[in-house]
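In what follows, a single structure is set out as structure tokens and then discussed.
The values are calculated or read from the model by the stated rules, or taken from the named source; none is laboratory data. Keep in mind the model is a prediction, meaning the values are calculated, not measured. Neighbour counts run over all protein chains shown; Cβ positions are idealised from the backbone, glycine included.
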Amino acid sequence: MLSVVLLIVAALVIGTLIGFLLARARRTPEPIPLEPAHIDQHSQSQADFARLVAALPLGVVFVDRHARIRFANRAAGIIFDFDPARAIGSHVITSIPNVELERRIDDALMGEASVAPVTVASATQRRTYGVSIYPIGEGDSGGVAVFADDQTDVARLLRASREFLTNISHELRTPLSSIKLMLETVVESPDDEAADLFLPQVLAQVDRLASLVQQLLEQARAESGQLRLNLREIDLEEVAHPIVASFEPQAVNKGVRLELRAMRPVSVEADPDRLSQVFVNLIDNAIRHTPSGGHVTLELDANGNDAIMRVRDTGVGIPYRDIPHIFERFYVVDRSRTRESGGAGLGLAIVKGIIDAHGGTVATESMLGSGTLFTVRLPIMRVGPRS
């Protein structure tokens with residue numbers, strides 16, 4: 001919203017200046033003596049104004065009443081992917097082949113201003129710009145001023161907000177609907193058989209809801225920078241071993257072999273509870289997406305000043321196009337598959353938040369159908385003796 005306001009304010013200010021200059025150009029000047037100093041001052045003002053517009057981070061394009069480009073600054077060339085110098089005198093559709101933009105310029109030539117986003121797609125990217133178009137001047141000296149500001153990040157945030165509301169509604173509604181249906185069955189049943197059957201399932205769904213709420217809280221703390229860490233020196237194998245052991249029954253039931261490999265003793269300064277969350281999320285994610293007969297391995301190692309934790313599986317893998325997004329909250333590769341495995345799309349986002357808070361990094365490598373590797377790096381920071 002801030003960038004939109006800045007865009008509108010800049011557009012109004014620059015439009016006012018342009019209108020003022022055009023108005024001055026149309027007026028018949030009074031017969032006053034033009035001394036050299038006066039001429040120099042006027043020329044300097046024009047030059048300063050031209051430099052100001054050229055240096056603006058906003059894209060600025062002036063189009064005459066025939067829809068031909070008369071001026072474009074460097075930012076406009078970058079935004080709309082054309083050479084501003086070569087575009088002078090060309091029809092706007094030639095340099096900026098966007099039908100919606102051309103229509104809005106035609107409307108502005110008829111006196112109708114507009115402020116709305118425009119999506120510009122190239123061979124390598126797709127970006128959204130806030131574009132303001134204003135009519136300026138009248139008659140032969142009239143035309144249109146076009147101002148453009150990159151709104152891609154804002155559009156992404158708005159889209160993420162909408163997706164968040166959609167996803168969280170789904171994740172909450174599903175277990176609540178199940179709980180309601182099972183409790184209604186228990187209430188209406190004349191015997192205890194329904195209670196014995198459904199009440200454990202109700203408790204499981206309640207646990208699922210509680211886990212989801214906890215994950216949301218953890219993610220909110222991580223994104224707001226309020227994730228508290230209780231740092232102390234810990235041995236990675238001591239933290240990892242009981243967690244791997246706790247996943248053994250799940251792995252055995254699914255027919256997946258789970259293994260812990262500690263290549264060498266590695267100590268780091270970290271929060272053991274938060275680090276446990278990292279192990280839990282990565283191991284759980286690996287087991288859920290590895291079919292029967294597969295293999296999940298947690299490797300602990302060190303390289304230089306980094307402690308390294310690798311979670312490797314022989315599961316279904318991740319499509320290449322999805323890899324850049326998997327650490328985003330509520331991002332799931334295949335929602336139908338996620339419903340089957342019970343994931344909410346928050347685990348990896350929480351992992352990244354915790355590792356970032358420790359000053360480390362997390363990355364992934366995967367090939368569809370050939371498994372996935374998550375690599376976590378943490379700085380090895382031994383705690384010195386207390387005074």
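The residue pairs whose first member lies in the stretch 248-271 and is in contact (Cβ under 8 Å) with a residue 24 or more places away in the chain and buried (at least 17 other Cβ atoms within 10 Å of the Cβ), whose second member is charged (D, E, K, R) and part of a loop (DSSP other than H, G, I, E, B), and whose beta carbons are closer than 8 Å, counting only pairs six or more residues apart or on different chains, are Ser267/Arg382; Glu269/Arg382. Taken as a whole, the stretch 231-238 holds at least one residue that is in contact (Cβ under 8 Å) with a residue 12 or more places away in the chain, under 32 Å from the mean Cα position of the chain (by Cα) and crowded, with 18+ Cβ neighbours inside 10 Å.
Of the numbered criteria (1) in contact with a helix residue (DSSP H, G or I) (Cβ under 8 Å, 6 or more places away or on another chain); (2) modelled with pLDDT of 90 or more, the one Ala72 fails is (2). Close contacts from the stretch 302-330, counting a first residue that is under 18 Å from Arg377 (Cβ atoms) and of a type in the set (Asp, Glu) and a second that is buried (at least 18 other Cβ atoms within 10 Å of the Cβ) and at pLDDT below 90, with Cβ to Cβ under 8 Å and a gap of 6+ residues or different chains, come to none at all.
As a summary of the residue check, Asp322 satisfies the conditions (1) under 16 Å from Ser366 (Cβ atoms); (2) modelled with pLDDT of 90 or more except for the one numbered (2).
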